[in-house]
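A short reminder: the numbers here are calculations on the coordinates, not readings from a lab. Since the model is a prediction, treat every value here as computed from it, not as a measurement. Ideal geometry is used to build each Cβ from the backbone, glycine not excepted, and the neighbour counts take in all protein chains shown.
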Amino acid sequence: MRKVSAHYYLRSDGSFGKRPIISLDCDGRIASVVEKGDDFKEEPSLEYYPGILIPGFVASIGRASKSLSKLVIVNGVLRLQQESELLSSEEYLKPWEILKQLSTASSSEYTLGHYLLKHTFQAAQLLEQAEWGVLRAGANPGLLVLQNIDLRNMALSPQSSFKIIQR
């Protein structure tokens, strides 16, 4: 069993939980999510990443777009459904670039959590994929960590990036 943790994680309501420990089984499915908050203590074999843990981004592509699958992994899309026109290909195949543009804009009216939900939980709901886009026991969303985040303001910065933890 693999255990990962970070400063924060994205909850399915768009808020952030503090100091989670997420246990993954050998297939990458989430076995448990425990929010430790200020009671966090290191454990043996715990992988700690500075930043915010989020589910992999969710997208859909048409049948003829199979060649895009390698490209979307680079952009953080870890869950991809074919033959669906429910999500805009242009917007959902490049979520990281869109998130950085929108959430670093000084006039942004929405929070980082709002933008993350759109490309994870809400996109998975549109595609009727209950195991995608959410960090909860039984789900298999893939796992990313957002790094170099302004954790005081929960905002992206020009130096922000993401790392794939679990495909």
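Points to keep in mind about this one:
- Filter result for residue 143 (touching a Gly at 6+ places or on another chain (Cβ under 8 Å) and either closer than 13 Å to residue 9 by Cα or not charged (D, E, K, R) (or both)): yes
- Selected residue (only one of 133, 138 is in a loop (DSSP other than H, G, I, E, B), touching a residue at least 60 places away in the same chain (Cβ under 8 Å), in contact with a helix residue (DSSP H, G or I) (Cβ under 6 Å, 6 or more places away or on another chain) and farther than 19 Å from residue 50 by Cβ): 133
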